[in-house]
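Structure record follows, encoded as structure tokens.
The values are calculated or read from the model by the stated rules, or taken from the named source; none is laboratory data. Here the structure is a predicted model, which means the values were calculated and not measured. Ideal geometry is used to build each Cβ from the backbone, glycine not excepted, and the neighbour counts take in all protein chains shown.
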Amino acid sequence: MKKSSKKLIASVMACTLVGALAFNGTLAYLTDTEGATNVVTVGKVQIDLEEPGYPGNNSDEVKRVIPNQEIVKDPQVENTGNNAALIYLKVEIPQENFTEMSLDGTLGEKKMQDLFALKGLDGDWELVKTEPSTNADTQKTKTTYVYAYRKPLAKGATTSKLFDKVQMKNAIENDLSGNVEDIVVTACAIQATDIPGENLTVDKDGYLGTATLTSVYKIFMNQSGDKDVRPADDGNRTQTGKLGTITYNLGDDASLNDALYEYSTADYGYVPPTPTRENYIFAGWEPEQIAADSVGDISFTAKWEASMTATLETRGLYKKVKNIAETTTEITAFLHSDTKPTDENMTDANVISDRKSETPIYLWRDGTALKWWSKAGNVNAGSDLYRLFEGYSSLTDISGLADWNTESVATMAFIFKDCKGLTDLSALGNWKIGSVTFMSGMFDGCESLVNLNALESWNTGNVIGMDNMFCNCISLTDLSGLSKWDTGSVTDMNHMFEVSDDGSKLTNLSGLERWNTGSVMHMSCMFKGRTSLAILNALESWNTGNVIDMDNMFCNCISLTDLSGLSKWDTGSVTDMSEMFGNCYKLTGASAINDWDIATVKDFGYMFTNCPYHPTFTKRAGTWDEDGTFTPTS
């Protein structure tokens, strides 16, 4: 903060609109010796910007401000005119590139950030705009915050204080440039009556809505010559500095966001945003854009085509896609084309939709990509995607699947089997899979998958089969993307995470802690071959009361040292435990499972083969042989 000898500057940004709207602006600098009050009258609006608590530039606290210090600065606005007004305060906070220290002494990241914080913000003010900017001449940066007073301010009334104090942030002083810095507060007012197109009705508490306050401020900027808005062009003919207004004919129940409603020469070539309308596809604007040399009002009409539905042909889909691909191992991408195919590719051989579809779905090969296109707004994936991309070992881009409606699909078994190059599943993130019952082998052999985060929102509540689902996904390191899955209906998890080759990178099973496994009957080979898996604590709450098969479940988990995560398992229904912990030669003990209920187990063959330890079962007598096989004697 600096000691300033300059007098308070009054900046007026004003012009008159239809309806005799008036605007007023005053400035209050933190360091002005003349105080923070100035009066400027324009049209029917007159306001005072006051800071009654500011101690003055000559006070020691202002002249010697240091990091973390607070200074009283309390801007408020008095309506000294004859008409009610809507009030805005624009606060400009200087930025510096510095490191901030927290109260506990922790250092944050050094970054460009506000040098001051506003303290005691009042609830009668609402933030309607935030914008960083850099001065082209000085290269100083700042953040501008625009606050709207939520109530129309009556004649003679004064707003509440926007804030009480400003606090210099707890900056590491060596980071600071030493530049002269000011906090600038600008007050703006607009007459609170007769604003065309704006609903100025207050609610029961006397407040205006956020949308209204924001819209009125935009009007202020458009009319005031504010630098955030294009200046008027030479030859512009309206008082607003624009050539004309823009209207839109959208059709019933359509919506349009972020469109222009006035234009100037700078807007020549403007194409409105794409509108939306349920059950329709947008087909363009008439006219297509604002033509050069346009003057006067312009009306855009939206063109629509009724949305059609097409459904993939379930029977023989895998073979048909494979025939179009020719050599599946060469395909790297499956894409949704924005443009229709050439006549050469619009043949019956390229149609992958069923006969009931309202319009065809075409599929063709373009280089190493498969592309599909349809006029249909709703592309239904049908009921069965079995093996659809099996063996596409070079496939890396499946973005073309994002637009498929999978609500009716019942089977996704082996759909991406042996897609060895696939790393990104984000295209599947929004798939609705509530009808799917079988996911067997879905990602079997996807050797490059590292995590499954894209699948975290899947509704798997009706899935019965998850066997082999992530089998041979050797690069998986993180299962947290599965933490919210509903597995309450799953009965088969055989081979689900099995790996047949060395090199598995999965070290723990975090993400599976809350799985409901109460319906699961089959867990054979579930984690077999996960050679980096060291602990099983994530499984300690699993309900295994209905599981029949546990053979080979942790076989070849050669890094496994501790079985304590399995100590509470209910094994009362299990009949097969053969090779369950085979070759787990780093085990430091097995006593954690001494109390397992093994009354129904019929096969203990090689259960602890090549292991240094085995349990001493307490609920069934028997002997262990050198091959790790338990033979019951009761």
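Summary table below
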read-out: One residue from N345, N350 being surrounded by 18 or more Cβ atoms within 10 Å (Cβ to Cβ) and modelled with pLDDT under 95; value: N345
read-out: Qualifying positions in region 358-381 - closer than 15 Å to K340 by Cβ and small (G, A, S); value: S374, A376, G377
read-out: Of all residues in region 357-373 being among the hydroxyl-bearing types (S, T, Y) and under 21 Å from I331 (Cα atoms), the one that is surrounded by the most Cβ atoms within 10 Å (Cβ to Cβ); value: Y362
read-out: Residues of region 99-133 that turn out to be in a strand (DSSP E or B) and closer than 28 Å to K161 by Cβ, as a count; value: 16
read-out: Filtered residues of region 292-329 (kept if surrounded by fewer than 12 Cβ atoms within 10 Å (Cβ to Cβ) and of a type in the set (K, R)); value: R315, K319
read-out: Residue within region 462-472 that is touching a Gly at 6+ places or on another chain (Cβ under 6 Å) and of a type outside the set (G, A, S) present; value: yes
read-out: The listed residue being touching a Ser or Thr at 6+ places or on another chain (Cβ under 8 Å) and either at pLDDT 75 or above or part of a loop (DSSP other than H, G, I, E, B) (or both), out of A187, A136; value: A187
read-out: Count of region 83-119 residues which are surrounded by fewer than 14 Cβ atoms within 10 Å (Cβ to Cβ) and out of contact with any strand residue (DSSP E or B) (no Cβ under 6 Å at 6 or more places or on another chain); value: 8
read-out: Where M466 falls short, out of the listed (1) in contact (Cβ under 8 Å) with a residue 60 or more places away in the chain; (2) in the same structural domain as T491 (by TED's automatic domain parsing); value: (1)
read-out: Every residue from region 330-342 that is surrounded by 16 or more Cβ atoms within 10 Å (Cβ to Cβ), of a type outside the set (F, W, Y) and outside any loop (DSSP other than H, G, I, E, B); value: A333, L335, H336
read-out: For T80: the one exception among (1) under 27 Å from K169 (Cα atoms); (2) of a type in the set (V, I, T); (3) at pLDDT 60 or above; (4) surrounded by 14 or more Cβ atoms within 10 Å (Cβ to Cβ); value: (1)
read-out: Options S215, S255; residue that is over 30 Å from I47 (Cα atoms) and modelled with pLDDT of 80 or more; value: S255
read-out: For T623: the one exception among (1) closer than 23 Å to L533 by Cα; (2) more than 49 Å from the chain's Cα centre (by Cα); value: (1)
read-out: From D467, D502, residue being surrounded by fewer than 17 Cβ atoms within 10 Å (Cβ to Cβ), among the acidic types (D, E), on the phi < 0 side of the Ramachandran plot and assigned to a loop (DSSP other than H, G, I, E, B); value: D502
read-out: Residue list for region 401-420, filter: in a loop (DSSP other than H, G, I, E, B) and either under 26 Å from E330 (Cα atoms) or among the charged types (D, E, K, R) (or both); value: A402, D403, E407, M412, A413, F414, I415, F416, K417, D418, C419, K420
